[in-house]
There are 2 protein chains.
Amino acid sequence: MAHKSVTETSIQQTRRAPFKSGDEATGRTSGKAAPTEARGKMARNESALVPPSRVIIDRIRPEIDGGKFAARLYIDQEVEVEAVLIVDGHDKPKGRLFYRHEDAKAWQWTLLKDKGNDIWTARFKPEKLGRYLVTVEAAVDRFTTWRMDLKKRVAAGQNVQVDLQIGILLIESWIPELLDDREKRLVGAAMAQLNDLSKGESFDEASISAVLDDPALKAIGDKLFDQKSLVRFEREIPLQIEPVIARFSSWYEFFPRSASNEPGRHGTFRDAAEKLEHVKEMGFDVVYFPPIHPIGVQFRKGKNNVLTTEAGDVGSPWAIGGKEGGHTALHPDLGTFADFNFLLSRAKKLGIEIAMDIAFQCSPDHPYVKEHPEWFKKRPDGTIQYAENPPKKYQDIYPFDFECADWRGLWEELKNVVQFWVDRGVRVFRVDNPHTKPFHFWEWLINEIRSERPDVIFLAEAFTRPHVMAYLAKSGFSQSYTYFTWRNLKWEIEQYMNELTQTELIDYFGANFWPNTPDILPESLQIGGRPAFMQRVILAATLSSNYGVYGPAFEHMEWKPRHEGSEEYLDSEKYQLRHWDWKREDSLAPLLQRLNQIRREQTALQSNRGFRFHPTTNDKIVAYSKSTENGERVLVVVNLDPHHKQSGTVELPLIDWKIDENETFQVHDQLTDARYFWSGWRNYVELDPHSLPAHIFVIKRRAHAVSEFDYFH
Amino acid sequence: MAHKSVTETSIQQTRRAPFKSGDEATGRTSGKAAPTEARGKMARNESALVPPSRVIIDRIRPEIDGGKFAARLYIDQEVEVEAVLIVDGHDKPKGRLFYRHEDAKAWQWTLLKDKGNDIWTARFKPEKLGRYLVTVEAAVDRFTTWRMDLKKRVAAGQNVQVDLQIGILLIESWIPELLDDREKRLVGAAMAQLNDLSKGESFDEASISAVLDDPALKAIGDKLFDQKSLVRFEREIPLQIEPVIARFSSWYEFFPRSASNEPGRHGTFRDAAEKLEHVKEMGFDVVYFPPIHPIGVQFRKGKNNVLTTEAGDVGSPWAIGGKEGGHTALHPDLGTFADFNFLLSRAKKLGIEIAMDIAFQCSPDHPYVKEHPEWFKKRPDGTIQYAENPPKKYQDIYPFDFECADWRGLWEELKNVVQFWVDRGVRVFRVDNPHTKPFHFWEWLINEIRSERPDVIFLAEAFTRPHVMAYLAKSGFSQSYTYFTWRNLKWEIEQYMNELTQTELIDYFGANFWPNTPDILPESLQIGGRPAFMQRVILAATLSSNYGVYGPAFEHMEWKPRHEGSEEYLDSEKYQLRHWDWKREDSLAPLLQRLNQIRREQTALQSNRGFRFHPTTNDKIVAYSKSTENGERVLVVVNLDPHHKQSGTVELPLIDWKIDENETFQVHDQLTDARYFWSGWRNYVELDPHSLPAHIFVIKRRAHAVSEFDYFH
């Protein structure tokens, strides 16, 4: 290969193409457009190829797979974007973050701030839900570099005549087209003053500062970027701004058909609406119903999942579709659309979102089977392929063939199903087994729905392998069920939480912790009694900002499996009506109520950022805290043993918490309202699972002024 | 926004564009081309948009910044590429790795193997140095999925008539154009046999296996990819195949001008050539010389870096350029090009690479200053800008202005300087302060040089901030100096090594550990005496596969700084001639010799992969091991205290090492030749720094057959 000259060779350089917007720059440390017009004019010789910029924008964060997917951020919080900027030598870089909602044409920008270690950050407040794009521009900050050096030279008593002249030339190179008359006058005056100063013999920082550190001059300098070294990151990075409920939600699942007040009577939407009051009292804000559609008759499963039915068996709500209709119809025994609307409006009044179940599969009686046989797979014998996990057969369920010839018709129809419920006011969807349908289908469907309604969120019920769960989250699911249900030991909980909060998963995986579901009665709840239920729900509600329970089975501490070794509930509501006494004396409802109240009061519990574990001297005691940027801090200590009292010491990171080693601080238990004075980084705890297996402490430092009413803040 | 139909919407899908090569497929589990021709024909309806593939290629590794930079791999090792492949439902994916050297047109491919947890891998042996490109294709493995299910159905005693018919249809869909006549006959026979089997009443796995698990049929299945779901990763990922010396090298730096046998006489290339024998005896394979060019006279620094010179002061070799020439000239006192060639040929005979110093800066006397004043920055007073780190001034050094109007001329000239030495046989370059020159300059220069000579390697002397060092490595430097020089405590060493080996740095950052350099006499060597020198070089040589020392100062244990608190050597060779007694009795040369021999014998020490720390009960004792894929294992235990004997127990990961808890295994100290029998995962060590502060153990398990001569292997 022959030697290539510089001009022939492709130097790996980020594009310097200006933003398309033709608006002129207006900002100071932030603004509304990129100064595209001016950029070209700065090049000394327009026909010459300028050297590649000396500034490197090494990476932008958060960024998922190089911008292929969007990180998940939330409308109530400022978006913080981080870039690594480096320049050779000791020159300083200068950068700005550009951002816009994808619906907006114009970019806005704000200056990046040096965070140390070559990391620069900027924040902006998102104005609306949906997709934002961000990118970064950077240049050599010749003015600041020169100013910094000048300070050092003056301090060392050096003659800076020539250096002041260099500064004048620098300021002269500022883009005059971007300055208004006032600014031009200011710049001119500064140059004249510097010129005077440069004629002196000795140089004092005070008189130099008087000219150079004038805020008005600085503001001009801030908005001007050296065009010779200006470079733009090679990609625009998408960020998804989510509604708050995507990050902070407390779910309660119940079967409306079991909501009747009379044992044996099929519950209705009106019954369920009545129960909402109780759920609201417990403090939940999302109520999730298993499917509410007509249920198939062919191959209907009987009580406890047997293959034969008895008269009156109601079938599984997930066997969707009957002669009364399919995914857009209501089960006649639950009520009419008028009843359903009543339920929704009741929920709305209570501040509860009703979450619908999206289970894209059909019973053999579903209207689609006759109307669209092309949407199902046919076997060579002419029968329709039912669901299988060989050798297991699920003859009551027909899966869709997402690759069928009319896949577009099918996909559109399924999107219309979701849209149907969105149009009726539903904003939260729990998707049944999304991992058994194509990933691209979900990505498309969710994008389609959210392009109009970015306030709609989807929870993925994918209890499957880690990479599959992660990919669904990247594809668009705001929330996901997790392995929490089976993580009981201290090391298991620590390992899993660290994976969720200390890896890139924190940027896109919206964990939702469930101690139980209608499908899963975990072993811990079968053998641990009341303490286990308390432990598991306290963990769920304080480890994860999203959590949920399946009730009333949970607060009534249902613990009997169908048989030993099974995780299925005995007499599961999946296959039969149940009657619940919602006012049971021994219910855990008061604990749930208290937990939800603590979650509402303690901002730190409303996000999984700021999470960390703390060492304890006892493997049965797990300790962790959540903190906000404002220094609000919740420390949770849980005894994981459902049988015995456990004690030990908890080690606290006092330095990080800015608490002196000798300082006495208050820990205020939100569960019992007890207050303790602690000091030092090791403190003793003792927890009896039979009374209360956990502390949820708010950490308060002593107020500095004794005169304040509350001595701790 | 209006609803979009599927066809209108951009579904985020990886391209399915076939590879450009028109060659036909030949491979079985590997091959030479992509079956591009066939792919289109499989689509049922060519005019219809097929649904996006159900297979997701989630990521490929190693991948640096989404393929912007190349991971660093080595010519003596197989390249292993990993991809995460997922499909919805319980279908299996199937994938193949495509790879080619960038000079080759044709792609080669090999099947990916399932490694578990949705990770698939394949390996290939690189045939030559330079840049390779890799990518991955994947499809649903419909045949394997069906075969797997069939086994389960038969095992459960189910009637599989219809399933066998489904299999026949599957095989029928195999691409007939890609089969030769023999293969077509085979496929036809298999289909007929399956048809016969499907007519039976009961089904036994043996007769089904006889047809389906026939290796010839399997080979046909392996090479055919389901065209409906075939998808290709969206990018081609570059990999840099490096010479072995980039990964495994032992450096020895000395000043040729101090190589004279007579005190006071300026050393020559011939003197240096003689010393090579000694260096070879110590076992080093790279000898690095500070700059060997003419040295400037103006502003020359005197002994111990003073601003005034005395008669006979030789100046710093980094003040490059005098009336005798610049970067392509030789210092006349060192000798002529004939002498230099003699030195190179002597090195070649000894198997030593001579590493040149590339310091792109000029003394005021450099010919460039007169011939190309446009390559330097001018100050407003007309003088040339000398090097500065305000308020410090380096008036003996003029830096180049890499952004000058004639930047292309300058860049080309500097490339020609490197090429000049490459043309004379130099293959290793140590680059002085690369972080003070533009990053894009290095990326361009290194690519240019290596496009012809990929066996040339560059070591970055950038003792600077972490992101800058990492970026230089990404830009093309095969090796880099590190912070090892200042990492002395156990936690410091552990933290730093974990950063280098357990993060993505392992894929591109070629660490080179130096206990000392002419610029750095670290505090540890100033106060620790002989034990400190032993500790530091044992650490360097066993922690990092690349290491080096600056000698003879190192093995002679020079420890005096210019003044207290300084890291500069007293009477540094940077500013004066020194005379060394290369045969000194108390020299550490024998230790260096032994270390280098151990490094040559133990493959595990020749790479930083397979590195891990082991817990010890004493903070002064650090323990770590390196392992190869073949199970070769070196365990190193170092007492970090230069003053006192230290003892403790080392905890070994016996399970990972496949050693039974009750098994007795041998640890064979390579430094002393002592052998110990150990058993269990905790073993006692005691190390006296005044005799030998470390063990370098080879771990040997007992041979299974007592008859073998060597009972441990």
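The values are calculated or read from the model by the stated rules, or taken from the named source; none is laboratory data. Here the structure is a predicted model, which means the values were calculated and not measured. No Cβ is skipped: glycine too gets one built from the backbone with ideal geometry, and neighbour counts run over all protein chains shown. Just the protein is used for accessible areas: all its heavy atoms, side chains included, with ligands, DNA and RNA removed. Shrake-Rupley method; radii C 1.70, N 1.55, O 1.52, S 1.80 Å.
Rounding to the nearest 20 debye, state how big the charge dipole of the stretch B:611-711 is about its Cα centre with +1 on each Lys and Arg Cβ and -1 on each Asp and Glu Cβ.
Values: 11 positive and 15 negative charges, 15 e Å.
Dipole of the stretch B:611-711, to the nearest 20 debye: 80 debye.
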Rounded to a whole number, what % of the accessible area of the stretch B:142-225 do carbon and sulfur atoms account for, probe 1.4 Å?
56 percent
Each residue of the stretch B:468-485 in order: what ³J(HN,Hα) in whole Hz does its phi give by Karplus 6.51 cos²θ - 1.76 cosθ + 1.60, θ = phi - 60°, with x for Gly and Pro?
5, 4, 5, 5, 4, 5, 5, 6, x, 5, 6, 9, 8, 4, 9, 7, 3, 3
Partner chain Cβ atoms within 10 Å, averaged over the residues of B:449-455 - can you pull that number for me?
1
Cross-link list A:Lys437/A:Lys474; B:Lys128/B:Lys275; A:Lys301/B:Lys199; A:Lys105/A:Lys474: which exceed 22 angstrom alpha carbon to alpha carbon?
B:Lys128/B:Lys275; A:Lys301/B:Lys199; A:Lys105/A:Lys474
Cβ-based net charge around B:Tyr496, under 15 Å, with every Lys or Arg adding one and every Asp or Glu removing one
+2
Please report the spacing between the Cα centers of the stretch B:125-155 and the stretch A:525-540 in Å, no decimals.
44 Å
Can you give the accessible area of B:Asp406, probe radius 1.4 Å, in Å² rounded to 10?
60 Å²
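Starting from the exponent 0.38 and prefactor 2.2 Å, build the expected Rg for chain A from its residue count and divide its actual Cα Rg by it.
Working: Rg = 31.4 Å, N = 713, 2.2 N^0.38 = 26.7 Å.
For chain A, the normalised Cα radius of gyration comes out at 1.18.
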Expressed as a rounded percentage, what relative contact order does chain B have, with Cα pairs under 8 Å and six or more residues apart?
10 percent
Taking a label point 7 Å out from Cα toward Cβ, give me the nm distances from A:Gln593 to the same spot in the other copies, shortest first, one decimal.
8.5
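Per residue of A:432-444, what is the mean number of Cβ atoms on other protein chains within 10 angstrom of that residue's Cβ? Don't skip to the end; give the middle numbers.
On the way: counts 0, 2, 1, 5, 4, 3, 10, 10, 12, 6, 1, 5, 9.
Per residue, the number of nearby Cβ atoms from other chains is 5 on average.
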List for the stretch A:84-102: residues with 50 Å² or greater reduction in accessible area, all protein chains versus chain alone, probe 1.4 Å?
A:Ile86, A:Asp88
Going through the cross-link list B:Lys370/B:Lys574; A:Lys392/A:Lys560; A:Lys392/B:Lys113; A:Lys280/A:Lys583, which pairs have a Cα-Cα distance over 22 Å in this structure?
B:Lys370/B:Lys574; A:Lys392/A:Lys560; A:Lys392/B:Lys113
Can you give the log10 of the normalised intensity I(q)/I(0) at q = 0.11, 0.16 Å⁻¹, computed with Debye over equal Cα scatterers of the stretch A:142-225?
-0.27, -0.57
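So, counting K/R as plus one and D/E as minus one, what does the shell of residues with Cβ under 14 Å around B:Asn596 add up to?
Numbers: positive: B:Lys280, B:Arg594, B:Arg599, B:Arg600; negative: B:Glu281, B:Asp285, B:Glu555, B:Glu601.
Local net charge: 0.
Helix-derived [θ] at 222 nm for the protein assembly as shown: sum -39500 (n - 2.57) over DSSP H runs of at least 4, divide by residue count, nearest 500? Mind dumping the intermediate values first?
Working: 32 runs with 376 residues, N = 1426.
-8000 deg cm²/dmol, from helical runs alone.
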Taking a probe of 1.4 angstrom, what is the accessible area of A:Ser647 in Å², to the nearest 10?
50 Å²
What is the distance in Å between the Cα centroid of the stretch B:224-303 and that of the stretch B:428-507?
13 Å
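Over the stretch A:462-540, what is the relative contact order in whole percent, taking alpha-carbon pairs under 8 Å and six or more residues apart? Mind showing how you got there, number by number?
Values: 66 pairs, mean separation 24.1, N = 79.
This gives 31 percent for the stretch A:462-540.
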Let me check I've understood the local charge: for A:Lys323, count other residues with C-beta under 15 angstrom from its C-beta, Lys and Arg +1, Asp and Glu -1. What total comes out?
-2
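In cubic angstrom, how much convex hull volume per residue do the alpha carbon atoms of the protein assembly as shown span?
Details: hull volume 324.3 nm³, N = 1426.
It is 227 Å³ per residue.
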Give the chain A residue with the shortest beta-carbon distance to the rotation axis relating chain A to chain B, plus that distance as a whole number of Å.
A:Gly66, 2
Relative contact order, percent, the stretch B:571-713 [alpha-carbon distance under 8 Å, six or more residues apart]:
19 percent
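Considering only DSSP states other than H, G, I, E and B, which GluC sites (Glu not before Pro) in the stretch B:250-356 qualify as loop sites with at most 10 other Cβ atoms within 10 Å? Write down the numbers at each step before the final one.
Working: sites: B:Glu253, B:Glu274, B:Glu277, B:Glu281, B:Glu310, B:Glu324, B:Glu353; in loops: B:Glu310, B:Glu324.
Sites meeting the loop and neighbour criteria: B:Glu310.
Which number gives the lysine pairs in the stretch B:611-711 that have C-alpha atoms under 19 Å apart and are eight or more places apart or on different chains?
Values: B:Lys620/B:Lys645; B:Lys626/B:Lys658; B:Lys626/B:Lys700; B:Lys658/B:Lys700.
Counting lysine pairs in the stretch B:611-711 gives 4.
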Can you tell me which of B:78-84, B:245-251 comes out highest on packing, and rank the rest after it, using the mean Cβ neighbours within 10 Å?
B:245-251, B:78-84
